[in-house]
1. Pop out the ³J(HN,Hα) list for segment 377-391 in order, Karplus 6.51 cos²θ - 1.76 cosθ + 1.60 with θ = phi - 60°, rounded to Hz; leave Gly and Pro as x.
2. Accessible area per residue, 1.4 Å probe, Å², for segment 1-146: what's the number?
3. Relative contact order of the chain: what whole-number percent is it, with Cα pairs under 8 angstrom and at least 6 residues apart?
4. Report the extension gain between residue 30 and residue 136 in nm, rounded to one decimal, defined as 0.36 nm multiplied by the number of residues separating them, less their alpha carbon distance.
5. Taking Cα atoms of segment 189-293, Rg/Rh with Kirkwood Rh, to two decimals?
6. Please label the shape of the chain as rounded, prolate or oblate, based on the square roots a ≥ b ≥ c of the eigenvalues of the alpha-carbon gyration tensor (a/c under 1.5 means rounded; beyond that, a/b larger than b/c means prolate, else oblate).
7. Which value in nm describes the separation of the simple spin-label points at residue 229 and residue 331, placed 7 Å from the Cα toward the beta carbon?
8. Under 1.5 on a/c is rounded, so check that first for segment 259-306, then, if it is not, pick prolate when a/b is larger than b/c and oblate when it is not; a ≥ b ≥ c are the square roots of the alpha carbon gyration tensor eigenvalues.
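The values are calculated or read from the model by the stated rules, or taken from the named source; none is laboratory data. Only a predicted model underlies this, so the values are computations on that prediction, with no experimental measurement involved. Cβ placement follows ideal geometry from the backbone for every residue including glycine, while neighbour counts extend to all protein chains displayed. Heavy atoms of the whole protein, side chains included, go into the accessibility calculation; ligands, DNA and RNA do not. Shrake-Rupley method; radii C 1.70, N 1.55, O 1.52, S 1.80 Å.
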Amino acid sequence: MATTLNIGLFGFGCVGQGLWDVLHRTKGLQTEITRICVKDRNKLRPLGAGMFTFEQNDILEDPKVDVVVELIDDADAAFTIVKSALLNGKAVVTANKKMVASNFAELLELQQATGRPVLYEASSCGSIPIIRNLEEYYDNDMLDGVQGIVNGTTNYILTKLTETTASYDDVLREAQQLGFAESDPTLDVEGYDAAFKTLIMGAHAFGTVLRPGDVIRRGITAVSSFDAVTAKAHGHTIKLLSQSRIRDGHLTSYVLPAFVPYQDPLATVRNEYNAVLLHGAFSDAQFFVGKGAGGHPTASAVLSDLAALRYAYKYEYKKIEQGTAPSLTTRVPVRAYVRSHSADVVSSVPFSDVEVEYKSGANHYVIGTTLLESLYRSEAFADKRTFIATL
Ligand SMILES: NC(=O)c1ccc[n+]([C@@H]2O[C@H](COP(=O)([O-])OP(=O)(O)OC[C@H]3O[C@@H](n4cnc5c(N)ncnc54)[C@H](OP(=O)(O)O)[C@@H]3O)[C@@H](O)[C@H]2O)c1
């Protein structure tokens, strides 16, 4: 690679502009953004028009470009760009979790076929250095659990909901006004974004390559002040947790709201912050916390990937290559809180053990133990107004 790392940048929104800033304030790393490809021809730009192009091939076919940094908000277009960049001999750095998670197996094949790396530290938990740690540091350790608060929008909403008397709708509106939630927040509040990150982290932690639909997922849209008060009464707060665990040689991966005891480190992670709690057979528990989103924090992870390219770093996917990755199972017991307006909906969950049963006019709930698979297949899981949390 030449002395200066020549970057072709796709996208100049929140993260793209953050990266521009970060690179111009980082002295050690010799980089140059040669061109920026964006979409909207009518948008006002903070840089001269000469920096921008609307033609992807101006970057993809430019022999001077060493690395394509993909920071656009369209996963399908992003995959086309990344594929073409690799086939044109360029390294790729991306922050796009949906693109990486939706095309994980294809990205592995493309990296093998072209010999060019795709790095995506920024795709999972923004500034927290988790992917390279899972890939390298824990290579020889027996990790058996990766838990995390991996979505800042939902953590912001749940923090406000559990610490104030505001309703879900009020808090969502406030999060949108502050820029923590998109105008269409579906990917965040329904848990899709967290499921993409769960898939990516799981592949690097355990070597199991899943498809997004394999990760059981439910979001926070049904949460109410009643749930917040109930959680508090039991000494818990509510978090949307990404959970991947190894039990009896099998992997269980899901994204579900959870009642988290106040003394758990994850309960202390508030507002838009993210955290990952790793558990290893020998290392025991280790806790990472940091900003999971925002222009500069996310760009810091992109910067770290660019620095890694300097020493020809690529993910070796050793845990995948070994061919001994645990297979997925949903036949594991979970303790769950299921609250609904309808007692019938609650009783659609086949609890093997009921610890608490509560019935009032508007709210019915059970806390008990069931199989994850049975919970997933229940009428309660399919009902959008029912709130489900693991304990
Ligand atoms: N924002 C965060 O905190 C954060 C954190 C972690 C990861 N990420 C990921 O980082 C990526 C970028 O997010 P963002 O928040 O920076 O998005 P954003 O602010 O919405 O900006 C998106 C940019 O992509 C450009 N774009 C969209 N489609 C394009 C196409 N087909 N060709 C060229 N350019 C295209 C847009 O062009 P125009 O300017 O012309 O509209 C815009 O500059 C996403 O994958 C996101 O999931 C974001």
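1. 8, 7, 4, 4, 5, 7, 7, 5, 8, 8, 9, 10, 9, 8, 10
2. So segment 1-146 comes to 45 Å² accessible per residue, rounded to a whole number.
3. Result for the chain is 17 percent.
4. So the extension gain works out to 35.6 nm.
5. So for segment 189-293, dividing Rg by the Kirkwood Rh gives 0.96.
6. Note, shape of the chain comes out prolate.
7. 4.2 nm
8. Here segment 259-306 falls in the oblate category.
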